[in-house]
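Nothing in this text is a laboratory measurement; each read-out follows from the coordinates by a stated rule. Keep in mind it's a predicted model, so treat the numbers as computed, not measured. Cβ: placed from backbone, ideal geometry, glycine included. Neighbour counts: every protein chain shown.
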Amino acid sequence: MTSRIILRAPTALGRQLIRGQHTMSAFEMQHKTPLTKRIDPIPVAMYGGRQAVSMLPGGGIGPELMSYVRDVFKYAGAPVDFETVDIDPNSESNDDLDYAITSIKRNGVAIKGNIETKSKSAETLSRNVAIRNELDLYVNVLHCKSYPGLPARQKNIDLMIIRQNTEGEYAMLEHECIDGVIESMKVVTASNSERVARFAFEFAKRNGRKKITTIHKANIMKLSDGLFLETSKRIAKEYPEIEHNEMIIDNCCMQLVSNPHQFDVMLMTNLYGSIVSNVCCGLIGGAGLLSGRNYGDHYAIFEPATRNTGKAIAGKNVANPIAMLNAGIDMLHHLGHVQHADLITKAMVKTICEDKIHTPDLGGTAKSTDVIQNIIDYILTVDVRPW
Amino acid sequence: MSVIARNVNRLALQVISSSVRSIHCTAANATAGIEERPDARTSCTLIPGDGVGPELMHSVQEVFKASGIPVDFEAYFFSEVNPTLSAPLDVVANSIQKNRVCLKGILASPDYSNTGELQTLNMKLRNALDLYANVVHVKSLSGIKSRHENIDCVIIREQTEGEYSALEHEGVKGVVECLKIVTAKKSLRIAKFAFDYATKNQRRKVTAVHKANIMKLGDGLFLKSCEDMAKLYPKIEFEKMIVDNCTMQMVSKPQQFDVMVTPNLYGNIVDNLACGLVGGAGVVAGASYSANAVVFEPGARHTYSEAVGKNIANPTAMLLAASKMLRHINLPVYGDMIRNAVEKVIRDGKVRTKDIGGQSSTQEFTYAVIANLEIPKAAKAAAV
């Protein structure tokens with residue numbers, strides 16, 4: 001029964017996009033495709049089967065959740081060593097941020113909470129966006145799957161959201177040319193649209209998904225969203241075995257809350273992805289459950305699906321640890337430690353679906369530590385070590 | 001930590017009956033629909049090696065048996081000096097590849113070659129598994145008299161290229177050329193290993209040992225690779241030192257060193273020098289890493305063949321290597337248990353082997369370690 005719940009995450013997902021770019025010569029990269037960034041990947045920090053991973057706890061409930069992940073990993077015997085990197089939210093300088101990015105480049109993989117950017121000055125970048133852009137993590141994947149037995153608006157949802165993660169409305173190009181008139185630019189490029197579309201179709205193919213729906217607003221933004229839509233239609237022709245259709249974002253949101261079962265894989269630009277992700281999380285039980293994965297050609301970052309800091313509940317021992325734990329499980333799948341990932345998944349599903357130990361956000365009264373304790377207890381029942 | 005504190009009863013139970021529990025819990029769980037986790041017992045390749053290796057391994061196995069450690073050994077006799085009895089290289093390599101951990105004694109390498117083959121078996125094994133990084137943690141043990149105190153340094157050595165490339169030829173009669181190969185890829189790889197090791201173990205400084213003033217291209221490349229990699233680790237201090245100066249500093253003021261990264265031959269020399277500072281080949285453990293596998297072995301490579309069968313060799317190095325192995329495979333409590341017992345026996349000073357100034361036999365030392373095995377304080381505090 002539990003096996004149905006196990007995430008259908010493929011192993012080594014990040015590696016699969018090494019195509020195209022690497023068959024080009026350095027000359028071609030420089031002169032024929034000026035938008036392609038040339039990156040010499042640094043080998044990952046894996047020694048003797050143990051992998052070093054950057055851990056960015058971020059603000060709010062991040063540090064608590066990370067300590068739970070550490071505990072569970074320790075008891076499950078996952079061969080992962082964490083390198084914790086803290087970013088000071090009050091600092092105006094980007095030194096900590098640069099160090100965090102360097103650390104992810106060295107390790108190749110990171111698990112991350114939501115990082116606060118307190119500064120309101122236009123020069124200080126939003127750190128979350130800066131990390132994604134600097135590492136070129138152009139796709140965000142969210143697997144939205146219902147947990148049986150959990151209070152939720154909709155039952156039996158199983159859909160994937162694939163979101164362009166680096167451009168669109170998040171290009172951070174805003175200006176005031178004339179007093180009182182502010183322009184914000186939304187940038188859509190053919191190359192990034194193609195990468196993300198190709199990722200979506202490859203992903204659907206590998207995971208046995210049947211249908212991809214491109215979400216857009218090309219009736220209004222005929223050029224920018226039009227380009228995104230055209231690109232995905234073009235790529236769809238290369239994958240005749242996967243059904244492809246399109247839907248306008250406003251209609252999509254309505255359909256999601258009324259009949260979400262019609263969707264399989266959804267492909268969309270940055271801002272729509274942010275909205276749809278949050279809608280889906282709301283449908284199956286809130287911000288505390290799901291995890292999101294960010295992939296680039298060389299790096300991968302795992303984080304909770306809804307990028308909230310949860311400052312109001314920080315330090316109260318009531319935050320739902322499941323989302324961050326799911327991010328950890330995604331990471332183990334990515335690193336190829338399927339056994340450990342399955343063990344933690346089983347323990348987690350048993351805790352929330354069978355034992356019904358729920359934090360307040362799911363309508364329960366349990367503390368965060370109760371949930372984690374139950375998960376660890378389950379892991380220990382199948383272990384013989386004296387902890 | 002509340003998570004552990006809540007677990008008191010379970011912990012107490014597990015600590016007391018860890019070896020028995022595995023049997024009972026399988027049966028109980030079978031009815032509850034919970035399967036035993038597949039990696040509850042770990043298998044580990046065991047290569048006793050030449051010289052006193054088999055005696056030392058016996059000692060390790062005694063200790064493992066006495067503490068009920070869930071590790072199964074897959075033993076292979078592997079030797080260059082005894083080729084008829086030796087298991088084939090690919091069999092041993094496959095076993096290590098599969099188990100990902102190996103505990104290995106020292107293989108004797110003769111200083112002649114009957115067949116014209118230049119690579120030693122040790123080198124073949126390293127190349128087959130790509131065990132590129134050798135780590136020797138040299139730490140003073142209290143209770144052993146030595147010239148220096150409080151030494152705590154880690155020597156990281158590239159061990160798949162450099163002088164050990166086994167490329168030697170006599171182009172003109174009487175003139176032998178030996179090639180030392182240095183590649184950017186492998187230099188960067190070992191430099192990154194050293195910095196990652198320093199990051200993981202909260203070390204502050206990495207020293208690159210080289211001879212780039214003479215070998216400007218070869219060692220120069222190694223040094224440049226280390227410098228390049230150092231830029232990615234702004235929080236770790238980086239310094240470079242010429243190998244001859246390094247050996248002098250090592251014997252006069254070894255406390256200044258933290259993590260050292262070296263090419264192949266220099267590493268070999270510095271390893272042995274440093275081991276000598278803290279009590280000799282019998283007391284320092286080392287490990288060789290590839291991306292996927294680790295081979296744990298004594299830090300200084302001596303077979304001590306003159307002591308074979310005399311029951312006088314010091315099993316400390318092998319026991320400490322085993323303790324490191326247990327930490328690596330996520331059994332840190334057992335690892336600490338063995339390490340603490342060994343340290344206690346040496347500190348007490350009643351049972352000492354000949355090399356550290358005593359009269360006891362290998363067996364007596366082993367039994368003394370077994371008598372001192374106890375659950376470390378941290379785990380005990382949680383259980384009480």
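What to note about this one:
- Label-point separation in nm, A:Asn259 to A:Asn94, each point 7 Å along Cα→Cβ: 4.7
- Projecting the Cα positions of B:Ala212, B:Gln249, A:Val187 onto the charge dipole of the protein assembly as shown (unit charges on Cβ atoms of Lys, Arg, Asp and Glu, taken about the Cα centre) puts A:Val187 furthest along the positive direction.
- Relative counts (whole %) of C-alpha pair distances in chain B, using bins that are 10 Å wide: 5, 21, 30, 26, 13, 4, 1, 0
- Neighbouring partner chain Cβ atoms per residue of B:324-335, average, 10 Å criterion: 3
- Note, ³J(HN,Hα) from phi for region B:334-342, Karplus 6.51, -1.76, 1.60, rounded to Hz, x at Gly and Pro: 5, x, 5, 4, 5, 4, 4, 5, 4
- Mean shadow area of region A:276-379, taken as a quarter of the surface of its Cα convex hull (nm²): 7.1
- Along the axis of the charge dipole computed for chain B (Cβ charges of +1 for Lys and Arg, -1 for Asp and Glu, origin at the Cα centre), the listed residues B:Thr160, B:Val175, B:Met229 are led at the positive end by B:Met229.
- As a ratio to 2.2 N^0.38 Å, the alpha-carbon radius of gyration for region B:178-244 is 1.10.
- Treating each Cα of chain A as one equal point scatterer and applying the Debye formula with no solvent, the log10 of I(q)/I(0) at q = 0.07, 0.13, 0.14, 0.15 Å⁻¹ comes out as -0.31, -1.14, -1.32, -1.52.
- Seen from all directions on average, the protein assembly as shown presents a Cα convex hull projection of 38.6 nm².
- Hull shadow area, averaged, region B:262-384 [alpha-carbon convex hull, nm²]: 9.2
- Region A:287-332 - Rg (one decimal) and Dmax (whole number), Cα, Å: 11.7, 38
- Computed FRET value (nearest 0.05) for B:Gln256 with B:Ala184, which takes r as the C-beta separation and R₀ as 25 Å: 0.30
- Globularity index of region A:103-154, i.e. its alpha-carbon radius of gyration over 2.2 N^0.38 Å: 1.64
- Exposure rule at most 16 other beta-carbon atoms within 10 Å, DSSP loop GluC sites (Glu not before Pro): chain A longest free segment: A:242-387
- Cβ-isolated cysteines (cut-off 4.7 Å), chain A: A:Cys177, A:Cys252, A:Cys253, A:Cys281, A:Cys353
- Taking the C-alpha atoms only, the angle from helix A:270-284 to the longest principal axis of chain A is near 30 degrees.
- Both radii are taken from the alpha-carbon atoms of region A:79-127; with Rh as the Kirkwood radius, Rg/Rh is 1.00.
- Helices in chain A, meaning DSSP H runs of at least 4 residues, each add -39500 (n - 2.57). Divided by all residues, the mean residue ellipticity at 222 nm is -11000 deg cm²/dmol.
- Summarised as an ellipsoid, region B:102-186 has semi-axes of 32, 16, 16 Å, derived from the eigenvalues of the Cα gyration tensor scaled by 5 and square-rooted, with the largest first.
- Computed from the alpha carbon positions, the gyration tensor of region B:206-310 leads to an equivalent ellipsoid with semi-axes of 28, 17, 14 Å, biggest first.
- Taking a sphere under 9 Å around the Cβ of A:His216 and counting the other residues whose Cβ falls inside, with K and R at +1 and D and E at -1, yields a net charge of -1.
- Its residue count N fixes a reference of 2.2 N^0.38 Å for region A:153-284, and the Cα radius of gyration divided by that reference is 1.10.
- In range of the label at B:Asn213: residues from region B:220-246 whose backbone nitrogen is under 15 Å from the point 7 Å along Cα→Cβ: B:220, B:240-246
- Take the Cβ atoms of B:Arg41 and B:Phe77, set R0 to 30 Å, and the FRET efficiency comes out at 0.80.
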